[in-house]
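Just below is one structure, and these are the notes that go with it.
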Amino acid sequence: MPRGIHIERDEWALKYVLPKDAAKHVRDFLTAREGAEPFYWTPDNHTEQLFRCDLNFKESELRGESVTLTCKFIRWYGA
């Protein structure tokens, strides 16, 4: 049985459709944190919290100047 004060894993699977320029900024931001450095993000109907992003995010081009970016944000409780 899990023990500790943070036994629930708070994860958010996200999918964004963005212009290519915006997708590049998001990708650069996530890559720079290498999946370990936390950042502030506010989930819908919640308060701002610290998260990190699994580096297995995927990007695929759509027609025109748009990109679909899928990723998973995992709540960070500290080390």
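The values are calculated or read from the model by the stated rules, or taken from the named source; none is laboratory data. Keep in mind it's a predicted model, so treat the numbers as computed, not measured. Backbone-built Cβ (ideal geometry, glycine too); neighbour counts: all protein chains shown. These area figures cover heavy atoms from the full protein model, side chains too; ligands, DNA and RNA do not enter into them. Shrake-Rupley method; radii C 1.70, N 1.55, O 1.52, S 1.80 Å.
What is the Rg over Rh value, at two decimals, for the chain, using alpha-carbon atoms and the Kirkwood definition of Rh?
Ratio of gyration radius to Kirkwood radius: 1.04.
Rounding to the nearest 20 debye, state how big the charge dipole of the chain is about its Cα centre with +1 on each Lys and Arg Cβ and -1 on each Asp and Glu Cβ.
On the way: 12 positive and 13 negative charges, 35 e Å.
Charge dipole, the chain, about its Cα centre: 180 debye, nearest 20.
Note on surface exposure: Asp21, Asp10 rank Asp21, Asp10 by accessible area, highest first, 1.4 Å probe. Near Pro43, once Lys and Arg are set to +1 and Asp and Glu to -1 for all other residues with Cβ below 13 Å from its Cβ, the sum equals -2.
Surface exposure of the chain, expressed per residue as accessible area with a 1.4 Å probe, stands at 76 Å². Multiplying the residue separation of Glu59 and Trp12 by 0.36 nm and removing their Cα-Cα distance gives an extension gain of 15.2 nm. Sorting Ser66, Ser60 on solvent-accessible area from highest to lowest, probe radius 1.4 Å, gives Ser60, Ser66. With 0.36 nm allotted per residue and the present C-alpha distance subtracted, the Lys20-Arg33 stretch has 2.7 nm of extension available. Seen against the Cα atoms of the chain and their longest principal axis, helix 20-32 is set at about 30 degrees. Heavy-atom accessible area for Thr31, with the other protein chains in place and a 1.4 Å probe, reaches approximately 70 Å². By the Stokes-Einstein formula, at 0.692 mPa s and 37 °C, the range 31-74 with its Kirkwood radius over alpha-carbon pairs has D equal to 276 µm²/s. On the chain, 50 percent of the accessible area sits on carbon and sulfur atoms, based on a 1.4 Å probe.
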